[in-house]
Amino acid sequence: MAIRERLSGNEAVAYAIKQINPDVMPAFPITPSTEIPQFVSTFISNGEIDTEFIPVESEHSAMSAAIGAEAAGCRTLTATSSCGMALMWEELYVAASNRLPLALALVNRALSGPININCDHSDSMGARDTGWIQIYAENNQEAYDNFIQAFRISEHKDVRLPIMICQDGFITSHAVENIELIEDDRVKAFVGSYEPEQYLLNPDMPMAVGPYATSPYYMETKMAQNTAMKNAKQVILDIAKEFEEISGRKYSFFEEYRLDDADYAIVIIGSAAGTTKEAIDELRAEGKKVGLLKIRVFRPFPGDEIAKALSHTKAVAILDRSEGFRAGGGPLSAEVKEHLYDIGASTKAVSYIYGLGGRDYRVDDAKKVFAELYDMIENGIEIPQYQYIGLRK
Amino acid sequence: MKTDVSKINEKSKWQDITPGNQIYGGGTSKEFNTGEWRTSTPVLDEDKCVHCLLCAPVCPDSCIPVADGKRLAFDLEHCKGCGICAYQCKFGAISMKEGK
C-alpha cells in the first residue's frame, strides 16, 4: 500500500534520499534548496540513514567532493540552486566528461543579477550544455518520483552520466501538496545497490580518473560522451516503465495534455504546466481546441519526438522561464523550433518568456497566449515572434 | 579488465576510447614516453661520480635507477631534462647538454 502524505517538494526529495540511503552527500546551503541537506542531516543525526555528510565551504567544493566520492565508488549526491550551481560550473563539466553517475537535486532559482531568490530556470538552462541529464518536475509528486528514478538512469552502464533532478524554487520546493510515497522496501528494491565496475578504492584494479587528453583524443572522447547521452533516451523510457510497475504512475520524455486534436499548443517546463492545464480546461469548455506539451526530460533533448507530437497543430507557443540573451528567445524555443524545422512541420512557432525571477504566470496569461496564436492564424494578425508575458509596458 | 594503453593511441576510433578516458591498471605511465619532451639532456661523468646516490631520489620522474649501491645510466625514455639531478650533484658529475 502506497503511503499517503503531504509534503513540500524539498521534503519529498529529502524523503526519497532517505529511502535511497546514498553513501555520500557533500552540500552547501543556498535558498531555496537549503532544506534538502538540512533534512538529510537530521535523518543522519537521528540514525535513520548512514550517509556520510560532508559540510563543505562552497558549492565549488561540494561538487568537487561529490566527484571524488563518486570516483572512489560511492553513490553520491548533492543539492543546490542558482548561484550555487553557477559556482559548480567547472565541476559540472568534469563530472560529466569523467562519466561519473552522481545526482544533483536542483531547486530552480533565478541567477543574479539583480539578486533574486525566486523561481526561474536560468540556473539549469545555463548548465544545459554541461553534459548532465536534466529531468524537470511539475509538482512535488513528480520531484519525488524523478528522484527515485535518478540513480537507475545515471548509473546504467550504457549511460554513466550525472543527473540533475529539477523542481521549481518555492513554487514546488516550499508548497505542501498531497503526495503518494512508495514503501521503503519497494524503493530499495527498485533502486538497488551501487556496484560500479571500476572505482578508485578497488584494491584489485588501480585506475586513473580524468587523465589529460590532447587534441588527438578530445573529439573521440566527446563523441563517446554524446553517445552515452543518446543512450540515456532508451534507458529513461525503460526505467519509467519499471517505475510504473511499482507506483502506477506513468512517465515519458514529456506529457501531452489534451494535445491529440489541438490546433494550438503551449510548450512549457515545470510547475507552470499546472496553470496552463487549468487554462486549457476552461478554453476546452468553450469548445477551443487547445493543448499542452510539458517537457519532463530536457537533456537528452527528445527533439524529434516533441516535433512529431506538435506537427499536427496550427501554431505553438514555446514558453521559456529563462532569458537566453540571443535577443530572440530562450533556449527551449530555439531547440523546439530547430526540430520542427528538421521534420518540415508547417506548425508556426512563437517564442515567449515568462516567470523570470518568480513573476507570476496566471491562467489568464496562458489564455492570452492561446488567443494570440488564434489571432495570428485565423485572423492573419501579426504578433511579435518573441515577447515577455506580464511585462509592464 | 586492464586497459591496454598501447591500443589507445592517436589512431583509435571513438568507440575504442574508455569512458571518460579512464585508465584501468597501474604503472601505465611506463608506456608514456615523456623523454620526447626533453630539450636538454643530463650527461654523467663516471670519473667524478662517487655514487652518493643523492641524484636518484630527487629525480621527479624516477629516471635514475639504482642497483647494488650504484646508480645506473639515465632512463632517457622518460627523462624530461629538468636538470634537478645536475643542480644537486656536489661532485660536478652531471652536466646538461643542449638537445636530446
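The values are calculated or read from the model by the stated rules, or taken from the named source; none is laboratory data. None of these values were measured; they are calculated from a predicted model. A quick note on method: Cβ atoms are made from the backbone with ideal geometry, for glycine too, and the neighbour counts reach across all protein chains shown.
Points worth noting:
- Of all residues in the range A:333-348, those being touching a helix residue (DSSP H, G or I) at 6+ places or on another chain (Cβ under 9 Å) and over 11 Å from A:Ala307 (Cα atoms) number 1.
- Count of residues meeting criterion [touching a residue at least 40 places away in the same chain (Cβ under 8 Å) and either within 14 Å of another protein chain (Cβ to nearest Cβ) or in contact with a Ser or Thr (Cβ under 8 Å, 6 or more places away or on another chain) (or both)] in the range A:237-258: 1
- Helices (runs of 4 or more DSSP H) enclosed by the range A:240-342 - at least 3 residues per element that are closer than 19 Å to A:Asn139 by Cβ and of a type in the set (S, T, N, Q): none
- Exactly one residue out of A:Ala86, A:Ala79 is more than 14 Å from every other protein chain (Cβ to nearest Cβ) and either closer than 21 Å to A:Asn21 by Cβ or of a type in the set (Lys, Arg) (or both), and it is A:Ala79.
- Applying the condition of being more than 30 Å from A:Lys222 (Cβ to Cβ) and of a type in the set (Asp, Glu) to the range A:155-194 and asking which residue is surrounded by the most Cβ atoms within 10 Å (Cβ to Cβ) yields A:Asp168.
- Restricting B:Lys11, B:Lys2, B:Lys30 to those that are on the phi < 0 side of the Ramachandran plot, within 14 Å of chain A (Cβ to nearest Cβ) and part of a helix (DSSP H, G or I) reduces the list to B:Lys30.
- If you go through the range A:343-374 and keep only what is in a helix (DSSP H, G or I) and of a type outside the set (A, V, I, L, M, F, W, C), you end up with A:Gly357, A:Gly358, A:Asp364, A:Asp365, A:Lys367, A:Lys368, A:Glu372, A:Tyr374.
- Residue ID - surrounded by the fewest Cβ atoms within 10 Å (Cβ to Cβ), chosen from residues in the range A:334-348 that are farther than 16 Å from A:Gly126 by Cβ and within 23 Å of the chain's Cα centre (by Cα): A:Glu338
- Residue in the range A:205-214 that is among the aromatic types (Phe, Trp, Tyr) and at the interface with chain B (Cβ under 8 Å from one of its Cβ atoms) present: no
- Any chance A:Lys188 is out of contact with any strand residue (DSSP E or B) (no Cβ under 6 Å at 6 or more places or on another chain), more than 23 Å from A:Leu293 (Cα to Cα) and away from every other protein chain (no Cβ under 14 Å): yes
- For the range A:221-236, a tally of residues being closer than 30 Å to B:Thr28 by Cα, more than 9 Å from every other protein chain (Cβ to nearest Cβ) and touching a residue at least 60 places away in the same chain (Cβ under 8 Å) returns 1.
- Matching entry among A:Tyr199, A:Tyr218, A:Tyr194 (being away from chain B (no Cβ under 14 Å) and modelled with pLDDT of 95 or more): A:Tyr194
- Residue identified as in a loop (DSSP other than H, G, I, E, B) and either at negative phi or at pLDDT 95 or above (or both) among A:Leu92, A:Leu100: A:Leu100
- Tallying residues that are exposed (fewer than 14 other Cβ atoms within 10 Å of the Cβ) and either more than 7 Å from chain A (Cβ to nearest Cβ) or touching a strand residue (DSSP E or B) at 6+ places or on another chain (Cβ under 7 Å) (or both) within the range B:14-27 yields 3.
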